[in-house]
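The structure under discussion appears below in the form of structure tokens.
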Amino acid sequence: MLQKVKNISYLCKVAFNLDEEKKQLAILPAGAEVISTSLQIVEPLAGCTIDLGVGQDLEYFLNNVDCAAKDVADTSMPFCALKNEVVVATITGFKSKKEAETKPAAGPADPKAPAPLKPAAKEEKDPPCILRLHYFLPSEITIEV
């Protein structure tokens, strides 16, 4: 018996922040057959949800994934890219990069007051989310069983 087998699989792993409404996360080449999608919430953000999709269907893979707790959302929704496609995350309740700067209130200068401290350098944190796409590209071999 002869059987055709798709023998090369790929894992696309993308870490991303929740700081924009729409993020283009990965490109699926034409002919890619997606067999599983996983979204890991590493750093929770209350009031935030994520939709994952492609092209015009922005909720194709995952819909309303709650980011309030550390969790992993998986789907085995199959997808075949007929042309190059972009996987897009739509984020609601995102945290903007632009934080409002607060200025100290103007008051009388006290010569005995200590000099203001410089803000500490921000610690580099792990990105709050990790997307993993497992897919095959059209590369078939024939095996005999």
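What the Cβ-Cβ distance of Lys70 and Tyr10 gives, at R0 = 25 Å and to the nearest 0.05, is a FRET efficiency of 0.40. Taking K and R as +1 and D and E as -1, what net charge do the other residues with C-beta under 10 Å from the C-beta of Lys6 add up to? Charge balance in the 10 Å sphere: -1. Could you point to the residue in Tyr10, Gly47, Thr37 farthest towards the positive end of the stretch 1-54's charge dipole, with +1 and -1 charges on the Cβ of Lys/Arg and Asp/Glu respectively? The residue sitting most towards the positive pole is Tyr10. Summing charges over all other residues whose Cβ lies under 14 Å from the Cβ of Pro138, with Lys and Arg as +1 and Asp and Glu as -1, gives +1.
Beyond 13 Å, how much of the Cα-Cα pair distribution for the stretch 12-64 remains, as a whole percent? Every Cα pair in the stretch 12-64 considered, those over 13 Å come to 66 percent. About its Cα centre, the stretch 4-104 has a charge dipole of approximately 340 debye under the convention of +1 per Lys or Arg Cβ and -1 per Asp or Glu Cβ, with nothing else charged.
Restricted to Cα atoms, the stretch 56-96 shows a radius of gyration and a Dmax of 12.4, 35 angstrom.
No lab work stands behind these numbers, since they all come straight from the coordinates. Predicted model only: the values in this text are computed from it and were never measured. Positions of Cβ are backbone-derived with ideal geometry, glycine not excepted, and every protein chain shown enters the neighbour counts.
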